[in-house]
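The structure under discussion appears below in the form of structure tokens.
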Amino acid sequence: MSYAIKLGCLSLAAFAIVHLACALAVNAAAPAALRSAQRMRAAAAARFLLILRLTPAAVSILVVAALCIPSYLSFEPEAASEAIGPVCLALAFLAVALAATSLARVIAAAVRSRRWLRGPAQPNAVAVAGIIRPRVIVGDSVARELSHAELDAALRHERAHADSHDNLKRVLVLAAPHTFPFFPARFTALELAWKKFSEWAADDRAVSADPDRAVALASALLHIARLGEPATAPLITSLTDGDLAERIERLLTPPIDQNSDRVTPALIASAALALIAALLSPGALASVYDLLERLIQ
């Protein structure tokens with residue numbers, strides 16, 4: 001078995017193991033995380049849930065890139081000729097399946113979004129399209145029917161999405177593997193909650209604590225809903241995404257100021273520092289290489 005093939009199989013197997021462990025941990029923590037998000041400001045809750053959703057993939061890639069590959073290159077003799085065991089092969093296959101299903105989700109979303117852009121005009125749409133250079137799209141009916149204040153509030157909401165690069169975040173969420181291929185577990189709840197809080201955060205930025213803007217945005221949502229729900233696509237962020245009744249009620253009855261989101265950056269920083277310390281600890285590469293030797297058997 002060639003040196004490069006063994007390295008590839010081990011890297012994939014290590015990714016599968018770390019990702020499965022992290023995914024199960026995130027699934028277990030999801031209910032508590034969703035409850036905590038309810039007590040945060042919308043922007044902080046969206047950021048927190050996005051980080052939590054991307055954590056299994058990010059940690060797995062980091063461990064493979066910073067530990068597994070360097071340890072193998074440092075300690076594995078090029079002349080070594082051991083065969084790859086069935087467990088290692090099965091885990092490598094699992095990693096490939098996770099990557100393939102993630103890629104399929106991204107491609108399907110991109111195709112549907114491209115069809116939305118190239119299809120018939122959506123006269124009732126107010127949306128952000130594009131990932132690298134997002135642009136705001138306003139349908140003819142919306143531009144004609146909404147008042148100046150309503151249209152301004154709607155455009156401010158969509159520019160908030162564009163400034164936050166929410167379409168790019170949608171791609172990252174789609175690309176993040178599930179716990180098992182075709183089995184999202186509690187990731188679906190995290191993704192739906194992230195989308196909800198992203199809409200709330202864009203509402204907050206559009207309103208900027210101005211009661212008149214809040215009324216105008218609520219009126220715009222109601223007006224567009226009466227015009228007819230526009231077609232949507234996975235990578236197109238529409239003004240009417242989410243539960244409109246809940247968003248309108250929130251705009252007209254602003255929540256009490258919430259401060260518990262201050263703990264989120266501290267928790268994230270602590271976790272990141274702990275991971276970095278583990279990666280830089282003496283003997284980390286040698287220990288990881290010993291684990292890889294056991295894994296390949």
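When the residues of the range 208-229 are filtered to those that are charged (D, E, K, R) and in a helix (DSSP H, G or I), which remaining residue is surrounded by the most Cβ atoms within 10 Å (Cβ to Cβ)? Show your work before the answer.
Kept after step one, since they are charged (D, E, K, R), are these residues of the range 208-229: 210, 212-213, 226, 229.
Applying the additional criterion that residues be in a helix (DSSP H, G or I) yields 212-213, 226.
Values: D212: 10, R213: 19, R226: 9.
Among those residues, the one meeting the criterion is R213.
Filter the range 197-240 down to residues that are among the acidic types (D, E) and either farther than 24 Å from P123 by Cα or touching a Ser or Thr at 6+ places or on another chain (Cβ under 7 Å) (or both), then give me how many there are.
4
Of the residues A45, A100, A104, which is out of contact with any Phe, Trp or Tyr (no Cβ under 9 Å at 6 or more places or on another chain) and either in contact (Cβ under 8 Å) with a residue 24 or more places away in the chain or crowded, with 20+ Cβ neighbours inside 10 Å (or both)?
Working: A45 fails: out of contact with any Phe, Trp or Tyr (no Cβ under 9 Å at 6 or more places or on another chain); A104 fails: either in contact (Cβ under 8 Å) with a residue 24 or more places away in the chain or crowded, with 20+ Cβ neighbours inside 10 Å (or both).
When all the criteria are applied, what remains is A100.
Working only within the range 144-158, note down all residues that are more than 11 Å from S219 (Cβ to Cβ) and out of contact with any Leu (no Cβ under 7 Å at 6 or more places or on another chain). Write out each step before concluding.
Here is the first cut: in the range 144-158, the residues more than 11 Å from S219 (Cβ to Cβ) are 144-145, 148, 152, 155-158.
Within the range 144-158, R144, H148, D152, L155, R156 qualify.
Considering each of T253, T188 in turn, give the residue that is without any contact (Cβ under 8 Å) to a residue 12 or more places away in the chain and within 15 Å of the chain's Cα centre (by Cα).
Working: T253 fails: within 15 Å of the chain's Cα centre (by Cα).
Selected residue: T188, the only one of T253, T188 that is without any contact (Cβ under 8 Å) to a residue 12 or more places away in the chain and within 15 Å of the chain's Cα centre (by Cα).
Somewhere in the range 144-162, is a residue more than 17 Å from the chain's Cα centre (by Cα) and of a type in the set (S, T, Y)?
For the range 144-162, residues more than 17 Å from the chain's Cα centre (by Cα) and of a type in the set (S, T, Y): present.
Checking the condition surrounded by fewer than 13 Cβ atoms within 10 Å (Cβ to Cβ), out of contact with any Gly (no Cβ under 7 Å at 6 or more places or on another chain) and either more than 15 Å from L222 (Cα to Cα) or in contact (Cβ under 8 Å) with a residue 12 or more places away in the chain (or both), which residue from G119, G139 passes? Spell out how you get there, then give the answer.
Values: G139 fails: surrounded by fewer than 13 Cβ atoms within 10 Å (Cβ to Cβ).
None of the other options fit; the residue is G119.
In this structure, does T232 turn out to be on the phi < 0 side of the Ramachandran plot, part of a helix (DSSP H, G or I) and at pLDDT below 95?
When the stated conditions are applied, T232 does not pass them.
Take L190 and tell me if it is in a helix (DSSP H, G or I) and surrounded by fewer than 21 Cβ atoms within 10 Å (Cβ to Cβ).
no
Tell me, which helices (runs of 4 or more DSSP H) wholly within the range 42-126 include 2 or more residues that are touching a strand residue (DSSP E or B) at 6+ places or on another chain (Cβ under 8 Å) and of a type outside the set (F, W, Y)? It would help to see each step written out before you state the result.
On the way: elements: 42-63, 69-75, 86-118.
In the range 42-126, 86-118 are the helices (runs of 4 or more DSSP H) which contain 2 or more residues that are touching a strand residue (DSSP E or B) at 6+ places or on another chain (Cβ under 8 Å) and of a type outside the set (F, W, Y).
Could you please let me know if V59 is within 15 Å of A189 (Cβ to Cβ) and of a type in the set (A, V, I, L, M, F, W, C)?
Spelling it out, it is not the case that V59 is within 15 Å of A189 (Cβ to Cβ) and of a type in the set (A, V, I, L, M, F, W, C).
I'd like to know if the range 272-280 contains one or more residues that are closer than 19 Å to I61 by Cα, more than 25 Å from the chain's Cα centre (by Cα), exposed (fewer than 11 other Cβ atoms within 10 Å of the Cβ) and modelled with pLDDT under 80.
yes
Could you identify the single residue in R205, R262 that is surrounded by fewer than 19 Cβ atoms within 10 Å (Cβ to Cβ) and either modelled with pLDDT under 90 or out of contact with any helix residue (DSSP H, G or I) (no Cβ under 9 Å at 6 or more places or on another chain) (or both)?
R262
In the range 193-202, which residue that is among the aliphatic types (A, V, I, L, M) and over 21 Å from T55 (Cα atoms) is surrounded by the fewest Cβ atoms within 10 Å (Cβ to Cβ)?
So the residue we want is A201.
Among the numbered criteria (1) surrounded by fewer than 16 Cβ atoms within 10 Å (Cβ to Cβ); (2) modelled with pLDDT of 90 or more; (3) among the polar types (S, T, N, Q), which single criterion is violated by S74?
(2)
Would you call V87 over 26 Å from the mean Cα position of the chain (by Cα) and surrounded by 13 or more Cβ atoms within 10 Å (Cβ to Cβ)?
When the stated conditions are applied, V87 passes them.
Those residues that are part of a loop (DSSP other than H, G, I, E, B) and at pLDDT 90 or above, I need them from the range 242-259; list them, please.
Matches in the range 242-259: D243 only.
The values are calculated or read from the model by the stated rules, or taken from the named source; none is laboratory data. Everything quoted here is computed from the prediction, not taken from an experiment. Because the Cβ atoms are built from the backbone with ideal geometry, glycine has one as well, and the counts that use them run over all protein chains shown.
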